[in-house]
Amino acid sequence: MSTQITELSKSRIDLERIKKKKINIAVFGHGNVGSILIDQIVASQEAISERRDLDLTIFSVANSTSVLLKSGGVSADWKEEKLAEGIPYSISQIITFAKSHSLEHLIAIDNTASTQFTDYYEELVTSGFHLVSSNKEGNTQPLSVYRSLREVLHKNNKEYLYETNVGAGLPLIDTIKLLHLSGENITQIKGVFSGSLSYIFNYFSSASPRELTADAAVLPKGEKEKPFSTVLKDAIQKGFTEPDPREDLCGNDVGRKLLILARELDLHCEFEDIFIQNLIPKSLRKVSKETFLSQLSELNVPFHVKRRNLPSNQVLRYVGDLHGDLSKEDGAILDVKLIPVPKDSMLGQLKGSDSLFEIYTESYGTHPIIIQGAGAGATVTARGVFGDILRLSSAIN
C-alpha cells in the first residue's frame, strides 16, 4: 500500500511539473545589472515555481565575447561555469541552440549598453524571442528603426518590455502608456530623470553650511559650502555615476529618457530635436577620463556662481521637460537643463538619489500625477527587469 501511495505521489509531482509554464531566458550582458539579475532569478526559481506555476530557466548567458549555453539552466555557480565552459558565439548560434533543444517561451534580455546589440532585436523576434531590455538604445534609434521594430513585433506577435529604460524600477512607462491608451491628453512630463544628477544637485544646492574641504581653496575666500568637485567625487565613490561621470554630466542620458517618453505618446521626435544643456566645460569634454578626473576643480567656480546667484528660497535641479502641444505629432518641445526651482516644490524637496516625475494631464489640470522613488542603482534596475520578465511570463501563452 505504501509503495502505491509513493508511486501516486511521484506521478502527481510529475504532472505538476508538466503543467508549469517553462520560460527559457537568454541573458545578454552580465555586468552590474546583468549579474545581479541572474543571481536574483536563480535564487527565486523555487519560490516562483511554487507561487506562480512558472519554471524560469536561464539557458544562455552571454557578454560581448563568449556565451554559456545550458539547456537545463544555469546554476548559482554560473560565473565559474562560464569561465570553464564559455565559448565564442554568434546570435544565430544561440537561436539554433534554442531550436535544437526545442526550447519554447523564449525571452531575450538586453542588459548591455550597446547600440550594436540592438541591431539583433529583429532577428531575435523573428526567431521566436520576446524582448526585455534595460538598454535605452533600442528605443532611441532613428524613428524609422523604432517603427520597424514595432512592425516586426506586431507581425510576429511578440512583446517588448522596457520599464527600466526610464526611472529604473519605477512604474513610469506603464503609467504613461495606460493614460495615453485610455485617451487621456497628457500635456507635460517634467522631472529629475537621473539618479546620479539628483544626488549631486540635492547635496550641492542645499543652502545649509558644509564642512571645509581641500577643494574649498579654489572658492572665494569665506565660502563654506562644499564645492561642486567634492560633491561629484562623493557621488563617484558611492557608485551613483557612470565610471566616466561625463556620461551623466553631458545630459545625453536624460535626453534619451525624455525621447523614450515622447515616443510613448506617439510624438514624432528624434534625439537631435532635444535641447540639452551640457554641464561639462568645453575644455574638458574631449580629454581622457583620467585627465578629466584630475581636473574636477575646474568645475567649482562656474557652479559656485550659479549657487551664489540663487534666491534664498530656490535650489538647483537638472530637469527634463516634455512640453508644447503634445496633441500634435510634431508639436513637442524637449528640454534638458539645470534650472532653479522653489525649495518647497516637489522637485525642490527631492532627497538622496531619488528620481521624480510630474505627469500633467488635461483631466488633472494643474495637479500632476507624481511618481517618485529610487532612480538609480544596479539592484533596483535588475529588480525592475525581473518584474518585466514576470509580467511577460504570465502573459505568454
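The values are calculated or read from the model by the stated rules, or taken from the named source; none is laboratory data. In this text, all values refer to a predicted model and were calculated from it rather than measured experimentally. With ideal geometry, Cβ positions are generated from the backbone for all residues, glycine too; neighbour counts draw on all protein chains shown.
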- Out of the residues in the range 62-110 that are of a type outside the set (A, V, I, L, M, F, W, C) and touching a His at 6+ places or on another chain (Cβ under 7 Å), which is nearest to K136 (Cα to Cα)? N63
- Message: Out of everything in the range 353-375 that is more than 12 Å from V192 (Cα to Cα) and small (G, A, S), what residue ends up being surrounded by the fewest Cβ atoms within 10 Å (Cβ to Cβ)?
- Response: G365
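Among L170, L197, L131, which is the only one that is under 19 Å from I389 (Cα atoms) and modelled with pLDDT of 95 or more?
L131
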- Task: Kindly check whether there is at least one residue in the range 291-303 that is closer than 14 Å to L249 by Cα, among the aromatic types (F, W, Y) and surrounded by 12 or more Cβ atoms within 10 Å (Cβ to Cβ).
- Result: yes
- Query: What tally of residues in the range 260-304 results from selecting those that are in contact (Cβ under 8 Å) with a residue 12 or more places away in the chain and among the polar types (S, T, N, Q)?
  - Reply: 5
- Go through V380, V385 for me and flag whichever is of a type in the set (V, I, T), at pLDDT below 95 and in a helix (DSSP H, G or I). V380
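Every residue, every condition in (1) under 23 Å from the mean Cα position of the chain (by Cα); (2) not hydrophobic (A, V, I, L, M, F, W, C), yes or no:
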residue: R285; (1), (2): no, yes
residue: L299; (1), (2): no, no
residue: R308; (1), (2): no, yes
residue: H323; (1), (2): yes, yes
residue: D335; (1), (2): yes, yes
residue: L338; (1), (2): yes, no
residue: P342; (1), (2): no, yes
residue: Q349; (1), (2): no, yes
residue: R383; (1), (2): yes, yes
- Taking L265, is it in contact with a His (Cβ under 7 Å, 6 or more places away or on another chain), in the same structural domain as S205 (by TED's automatic domain parsing) and either at pLDDT 95 or above or not charged (D, E, K, R) (or both)? yes
- In the range 308-331, what residues are crowded, with 20+ Cβ neighbours inside 10 Å and either at pLDDT below 95 or not charged (D, E, K, R) (or both)? V315, L316, Y318, V319, G320, L322, L326
- Message: If I ask for residues that are hydrophobic (A, V, I, L, M, F, W, C) and either at pLDDT below 95 or outside any loop (DSSP other than H, G, I, E, B) (or both), which ones from the range 75-94 would you list?
- Response: W78, L83, A84, I87, I91, I94
- Query: Restricting the range 153-194 to residues that are farther than 29 Å from G34 by Cβ and among the hydroxyl-bearing types (S, T, Y), which is surrounded by the most Cβ atoms within 10 Å (Cβ to Cβ)?
  - Reply: T187
- Item | Qualifying positions in the range 139-181 - of a type outside the set (S, T, N, Q) and within 12 Å of the chain's Cα centre (by Cα) | L161, Y162, E163, V166, G167, A168, G169, L170, P171, L172, I173
- Sort out which residues of the range 236-257 are of a type in the set (A, V, I, L, M) and either surrounded by 23 or more Cβ atoms within 10 Å (Cβ to Cβ) or in a loop (DSSP other than H, G, I, E, B) (or both), and write them in order of number. L249, V254
- Item | Pick from the range 266-283, criterion under 16 Å from S144 (Cα atoms) and touching a strand residue (DSSP E or B) at 6+ places or on another chain (Cβ under 7 Å), ranking: surrounded by the most Cβ atoms within 10 Å (Cβ to Cβ) | C269
- Task: Would you kindly identify the helices (runs of 4 or more DSSP H) lying entirely within the range 95-203 that contain at least 1 residues that are in the same structural domain as D244 (by TED's automatic domain parsing), over 30 Å from E225 (Cβ atoms) and not basic (K, R)?
- Result: 172-181
